[in-house]
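Data block below; observations after.
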Amino acid sequence: MTTTEIRPVDNAAGLAPGTAFDFIPRAHRPAKPRAYGLTEVRGPYYSTYGVRHLADVLEVAGQWVDGVKWAGGSFALLPREQVRAFSDLAHEHDAYISSGGWLETVLRYGDQYIDRYLAEAKEVGFDVIEISTGFISVPTSGLLRLIERVKKAGLKAKPELGIQFGSGGDSTEAELAAEGKKDVGDLIERAKRALDAGADIIMIESEGITENVADWNTGAVAQIINGVGLENVMFESADPLVYEWYIKNYGNEVNLFVDHSQVLQWEGLRQNIWGNKSTWGRIVNV
């Protein structure tokens, strides 16, 4: 009786050595560190978890996780050594750590706290500072100055822009509707100026687009991608129906933020190894 050695068809998909069943073709994915097709996952917030849980997630799916984002300033509730432990663990798996949008809270208390915040962020191992303005009104000139300060501190700057005032706090659909929406053209111009000023990528708030709205504002997504460039934006998308829509319409190179529990489902869609009625067998990249 003879045995046949099964060899991978092609490892151009960026698979880590030893990925199971790698002889089955799949949609192309670049290896880490990736410049596009990024997946950022949520850190402890809606789910309270520690480094042991994150270690499990990264041990299983670390090659598909590009970054870990804290949410809601939850790191300010932990001992510094715990926050640093999260950073060290992410870095061991070649993933960056993002602050999430807590700078928005810091700004409420005055300019004198910004540099101290940035200094401690670097001390605890953060790589990216998200600059959110969902609840406060910051002119474009102020946003550009914040980007400059973040970059001067040796950190990457990720402005978070949206079309819905009051976004970022899980406000109800009725509350957000009462606030009204911002102009998409203004978002695009602010994003372009932010990138010119040194921002590394732009996070797009999901509220007003696919979250807490009666009807998805898919036209806004198209305008943002066409105006800013797919590679320059990352969309919030912590809902399977939403990230399925993104991949169907913009392919597997779209940059998305998802919940940490969704990494394998989302990556399965990216690589076309599974799907549902509208995506199964339809995701292609070369």
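The values are calculated or read from the model by the stated rules, or taken from the named source; none is laboratory data. Remember, it's a predicted structure, so these values are computed and weren't measured experimentally. When we count neighbours, we look across all protein chains shown, and the Cβ atoms used for this are built from the backbone with ideal geometry, even at glycine. In case anyone asks, the SASA skips ligands and DNA or RNA and just uses the protein heavy atoms, side chains included. Shrake-Rupley method; radii C 1.70, N 1.55, O 1.52, S 1.80 Å.
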**Asked** Cα gyration tensor of the stretch 172-286, axes a ≥ b ≥ c as square roots of the eigenvalues: rounded (a/c below 1.5), prolate (a/b > b/c) or oblate?
**Response** oblate
**Message:** Tell me which of Tyr109, Gln63, Thr210 sits at the most positive position along the dipole axis of the chain, charges placed on C-beta atoms (Lys, Arg +1; Asp, Glu -1).
**Reply:** Gln63
**Request:** Would you grab the residues whose amide H sits under 5 Å from the one on Ile97? Only those 5+ places off in sequence or on another chain, please, with H modelled 1.01 Å from N.
**Result:** Val68, Asp127, Val128
**Request:** In debye, nearest 20, what is the charge dipole magnitude of the chain about its Cα centre with +1 on Lys and Arg Cβ and -1 on Asp and Glu Cβ, if you could check?
**Result:** 500
**Prompt:** What angle, in degrees between 0 and 90 and rounded to the nearest 10, separates the Cα long axis of helix 51-61 from the longest principal axis of the Cα atoms of the chain?
**Reply:** 50
**Prompt:** How many percent of the accessible area of the chain is carbon or sulfur, using a 1.4 Å probe?
**Reply:** 52
**Message:** Helix 80-92 against the longest principal axis of the chain: what's the angle in degrees, Cα atoms only, rounded to the nearest 10?
**Reply:** 40
**Prompt:** Between the stretch 73-90 and the stretch 121-154, what is the C-alpha centre distance in whole Å?
**Reply:** 19
**Request:** Arrange the peptides 221-230, 274-283 so that the one whose residues have, on average, the most other Cβ atoms within 10 Å appears first.
**Result:** 221-230, 274-283
**Between 0 and 90°, nearest 10: helix 218-228 axis offset from the chain longest Cα axis** = 90
**Message:** Going by average Cβ density within 10 Å per residue, which order do the peptides 210-216, 193-199 take, highest to lowest?
**Reply:** 193-199, 210-216
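What order do you get for 201-209, 233-241 when each peptide is scored by the mean count of other beta carbon atoms within 10 Å, highest first? Kindly include the intermediate steps, with their values, before the conclusion.
Details: 201-209: 24.3, 233-241: 20.1.
Taking the mean over residues of other Cβ atoms within 10 Å, the ranking is 201-209, 233-241.
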**Request:** First select every other residue whose beta carbon is under 11 angstrom from the beta carbon of Phe75; then total the charges, Lys and Arg +1, Asp and Glu -1.
**Result:** +2
**Asked** Under the rule of -39500 (n - 2.57) per DSSP H run of 4 or more residues, summed and divided by the residues of the chain, what mean residue ellipticity at 222 nm is obtained, to the nearest 500 deg cm²/dmol?
**Response** -10500 deg cm²/dmol
